[in-house]
Amino acid sequence: MTSKRYTNLLAEFCKAAHLDEPEKLIETGQVWVDDMAVNFHYVSDQESEVIQIFIEIAELPWRPEHCYRRLLEFNFLVHRYGTGLVCIAPGSGSVSYALIVRIEMSLTGQDLADILDKGMTQACWIKENYLADQAEEKTQSQFLVPLA
């Protein structure tokens, strides 16, 4: 079940992001940005409503155990800044960047577009620096994350 506020935010988001067919995003919860699937999920409980945004970065590359460690190190480095976190999708095993956005009355579709833009920047950075073959040769100090 979704709320009217959530569906209105997605419609506003589509307008702000210059995306056609907001009804498709509202129905499927998915949009493609820069060759990455972005999934929106509405979650509510008695206290709050949130939008979970999952940016699918890539399938796990050649050495998953090596990647798991690197991605956990990434989470350790950025968790205190209130940014998103890297996760592994339970079904597919793909690497995703997860953002949680509280639905508040002041939140607009443009805010959602700005949040996604920053998340996409982070997801691309993770893909290039943590999942690329050459990333194995970098030292930990080279993985300090550019926070937007």
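The values are calculated or read from the model by the stated rules, or taken from the named source; none is laboratory data. Here the structure is a predicted model, which means the values were calculated and not measured. Ideal geometry is used to build each Cβ from the backbone, glycine not excepted, and the neighbour counts take in all protein chains shown. Heads up: the accessible areas ignore ligands, DNA and RNA and are worked out on the full protein's heavy atoms, side chains in. Shrake-Rupley method; radii C 1.70, N 1.55, O 1.52, S 1.80 Å.
In the set (1) under 21 Å from T7 (Cβ atoms); (2) part of a helix (DSSP H, G or I), the condition left unmet by F54 is number (2). Among the numbered conditions (1) more than 14 Å from I126 (Cβ to Cβ); (2) out of contact with any Asp or Glu (no Cβ under 9 Å at 6 or more places or on another chain); (3) assigned to a loop (DSSP other than H, G, I, E, B), the only one that L60 does not meet is (1). Each residue in segment 3-41 was checked for being open to solvent by less than 80 Å² (accessible area, probe 1.4 Å) and part of a loop (DSSP other than H, G, I, E, B), and 4 of them qualify. Looking across segment 93-137 at every residue that is open to solvent by 40 Å² or more (accessible area, probe 1.4 Å), closer than 25 Å to S44 by Cα and hydroxyl-bearing (S, T, Y), the one that is modelled with the highest pLDDT is identified as T108. Taking into account only those residues within segment 74-92 that are at pLDDT 85 or above and within 17 Å of E59 (Cα to Cα), which is least open to solvent (accessible area, probe 1.4 Å)? Checked segment 74-92; the qualifying residue least open to solvent (accessible area, probe 1.4 Å) is V86. Taking S92, is it in a loop (DSSP other than H, G, I, E, B), free of Cβ contacts under 8 Å to residues at least 24 places away in the same chain and small (G, A, S)? Taking the combined requirement at face value, the residue does not satisfy it.
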